[in-house]
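Every number in this text was worked out from the coordinates using simple rules, so none of it is lab data. Please read all numbers here as calculations on a predicted model, not as lab measurements. Please note: Cβ atoms are built from the backbone with ideal geometry, for glycine as well, and neighbour counts cover all protein chains shown.
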Amino acid sequence: MKKLFLSIIILAAVTIFAANARAIITYNCTAWTGGTDRALDSISVDDLSDGARAIVFYASGTSTYLGLAEYDASGTTAENVSVHPYFVRPDDYSTGGVWCEIPASWVDLLTSLTIADLTVTGTNTVVNLDASGRLTGALVVTDINTGTVTLSGVSQRGGLVTNLNAASEVTAVFSSATKGDSAIVYLAKDMISGSTLWIQFNSADKIINYSDFVTGTVAGTSYYYLSDDTTSGLTGEGISLISPADGFWIVYENESPTAGSIE
């Protein structure tokens, strides 16, 4: 009987130990650092196991945020709570053990979302479609008023480049072509009305359907020249550009734009 009772006790102890060994504890915190009660860094290394989780519901200014973290018992990453993902060392950190922020990769909204101020970094693909699958949003317009403007970003990604408010000749210089870039360059003000529009390209780019066009912005390279010096108010010259691959353009001419070399 004693042996049976002892066996039951041992079996129960092993079962409890096995269950605890597999358990993942989740902590509920109200700050990443600070050492105060419920701050993530106040939890002792001795109380933590590899893979422990934490939910951090914290305030910054007048806003509140929800953060998720996982404990790496062998981690040695320096503490950082200024740039995401955050890393937090327990206050009694010695040789290892770091909390690592786990950025959420999902958003499940049951209501409409309004973003007042959005900063996008890195490589991003943004497509705005309505319910019918049509692109929405206003066309980006780069109106060059004076001097030379080097286009980049939205200026040469589906936008319109023009000289509507220029009083003298202006120049648009395209940045290196990136696959998917496109732009329309249109003469909105003619020479008699006070302006002309020059178009130049990055020296490393090529125009696929115009093999004689030598790209660049120095003497001996080519340009497009949009102008009409015969009838005031006569416009319509322009080119449309599409990049099928990095470093390449396909050009479509409207009316008869002048193409020549920079002397």
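In segment 87-100, the residue that is farthest from SER60 (Cα to Cα) out of those that are in contact with a Gly (Cβ under 9 Å, 6 or more places away or on another chain), of a type outside the set (A, V, I, L, M, F, W, C) and surrounded by fewer than 20 Cβ atoms within 10 Å (Cβ to Cβ) is GLY96. Kindly indicate whether GLY238 is under 21 Å from SER152 (Cα atoms), touching a Leu at 6+ places or on another chain (Cβ under 8 Å) and either of a type in the set (S, T, N, Q) or surrounded by 14 or more Cβ atoms within 10 Å (Cβ to Cβ) (or both). Here the answer is yes, as GLY238 does meet what is asked.
Close Cβ contacts (under 7 Å, 6 or more residues apart or on different chains) running from residues in segment 48-59 that are closer than 7 Å to CYS29 by Cα to residues that are part of a loop (DSSP other than H, G, I, E, B) comprise VAL56/TRP32; PHE57/THR30.
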